[in-house]
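Trainee: Structure provided below as structure tokens; questions to follow.
Read the figures in this text as sums done on the coordinates, not as results from a lab. Remember, predicted model here, so these are calculated numbers, not experimental data. Using ideal geometry, Cβ is built from the backbone for each residue, glycine included, and neighbour counts are taken over all protein chains shown.
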Amino acid sequence: MEFDLLSVCQTGGCSAKLPAGLLDSLLSDIPLLHHPDILVDIATHDDAGVYRLNDTTALIVTTDFFPPLCSSARTFGRIAACNALSDVYAMGGKPLLTLNLSMFPAEGIPLEVLHDILLGGQEMVNEAGAFTMGGHTIVDAVPKYGLAVVGMVEPDRLVSNAAARAGDVLVLTKALGAGVLLAAHRLGLADEDTYRAALDQMCVLNAKGAEVMRKYGIRCATDITGFGLMGHACKMAAASGKQLRIHTGLLPVFPEVLSLLHAGCVPGAAFRNLEFAKPHLRVEPGVSLEAKMLCADAQTSGGLLMCVDAASVQAAVRDLKAGGYPCAAVVGQVSEGDGIVLD
């Protein structure tokens, strides 16, 4: 049904997340039970939690939901589901079960809009080969949608954000700048074809990326979402105890984005991400303000940032491009040290 979801919210997608710094302080004194079969919990701020059932099977558990980021209900559903499923792929796993999480007003928006949101989400769940087990819907003035997801992975093939090794090469699978284009679209500044290309990329599952990670034995990765490349790279560097150097001139970026940033179209989430990363960030002379803010731009259903062994990086990038990520590129390297460096 035709209804402009952008008319009911001011911010949507992963840019609606609480700032990373606030989350850190909120969680710092929450008491958690620990168990030797919990392989990944919130300690490293990874993409999902992982619980080992036995020597051959571990469960990946995650959830993600947010307000609309585009006008089309069906497209919104597809992007939100793809984004939630991505956390499982970022851990090297395969989605198994999902639950719908939806918030929708009791009046003011036709109920058919919720149907279209759920339809779009189910299309992505079906593409992922997972099974929808139900869900939960509550009344809320601003629609929100996402998934709780359970995935599976072999414990000895688990990918985390805490396993970067000095000498690894950083590979990014999708173009950056989606947050800028979403903001520019609201302002009537974005080229329609470029904006549609960004929406299309957000509907691309990271499933093939996970397959490439399994093929090449990649053990460290994260997906780039609301905290931007900068924020997620900071978390990876801290979890791994390594330094990540990002070559800004090699970053894949949508057309127009750098020009939009130069013109002042900088979403608020980018400033929040920059503030979070600032204590752990070094920017080399010659890096433009636009490039720095691109690294801070909040992405929704973004690509995977992988740490790839130098001996296999060319083959991995070739396979990623053939697998549906035409923008996949080498963007930096890992070394001894801490924090992130932009050059």
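Trainee: Let me know the volume per residue of the alpha-carbon convex hull for the chain, in Å³.
Mentor: Numbers: hull volume 44.9 nm³, N = 343.
Spread over its residues, the Cα hull of the chain gives 131 Å³ apiece.
Trainee: Using Cβ counts within 10 Å as a stand-in for footprinting exposure, how do R78, R282 rank, fewest first?
Mentor: Numbers: R78 26, R282 13.
Fewest-to-most ranking of R78, R282: R282, R78.
Trainee: Can you find, among M306, P19, N273, the residue farthest towards the positive end of the dipole of the chain? Put +1 on the C-beta of Lys and Arg, -1 on that of Asp and Glu.
Mentor: M306
Trainee: Please work out how much length the chain gains when fully extended from D338 to L187, using 0.36 nm per residue of separation minus the C-alpha to C-alpha distance, in nm with one decimal.
Mentor: Computed gain between D338 and L187 is 50.5 nm.
Trainee: Residues with amide H under 5 Å of A298's amide H, sequence separation 5 or more or different chain, H placed in the peptide plane at 1.01 Å from N; which?
Mentor: Answer set, sorted by chain and number: A270.
Trainee: Another question about this same structure. Describe numerically, in nm with one decimal, the distance between label points set 7 Å from Cα along Cα→Cβ at L32 and at A263.
Mentor: 4.3 nm
Trainee: Could you please rank K208, K321, placing first whichever residue has the fewest other Cβ atoms within 10 Å of its Cβ?
Mentor: K321, K208
Trainee: Any of K144/K235; K94/K278; K215/K278 with alpha carbons more than 32 Å apart? Name them for me. Mind dumping the intermediate values first?
Mentor: Details: K144/K235 27 Å; K94/K278 34 Å; K215/K278 35 Å.
Violating the 32 Å Cα-Cα cut-off are K94/K278; K215/K278.
Trainee: To continue, here is another question. Highest first, please rank the peptides 150-158, 84-92, 66-74 by the mean number of other Cβ atoms sitting within 10 Å of their residues.
Mentor: In decreasing order of mean packing, 150-158, 84-92, 66-74 become 84-92, 66-74, 150-158.
Trainee: Suppose R0 equals 41 Å; then what is the FRET efficiency for L119 and N54 from their Cβ-Cβ distance, rounded to the nearest 0.05? Working shown, then result.
Mentor: On the way: r = 37 Å, r/R0 = 0.90.
Between L119 and N54 the formula returns 0.65.
Trainee: Can you list the cysteines of the chain that have no other Cys Cβ under 4.7 Å away?
Mentor: Here C9, C14, C70, C82, C203, C234, C265, C295, C327 come out as lacking a disulfide-compatible partner, given the Cβ-Cβ threshold of under 4.7 Å.
Trainee: State the antiparallel share, in %, of DSSP beta bridges confined to the chain, rounding to the nearest 5.
Mentor: Beta bridges within the chain, antiparallel portion: roughly 75 percent.
Trainee: Sticking with this one: Sorted by mean Cβ packing within 10 Å, highest first, what order do the peptides 101-111, 216-226 take?
Mentor: Numbers: 101-111: 14.6, 216-226: 23.8.
Descending packing order for the listed peptides: 216-226, 101-111.
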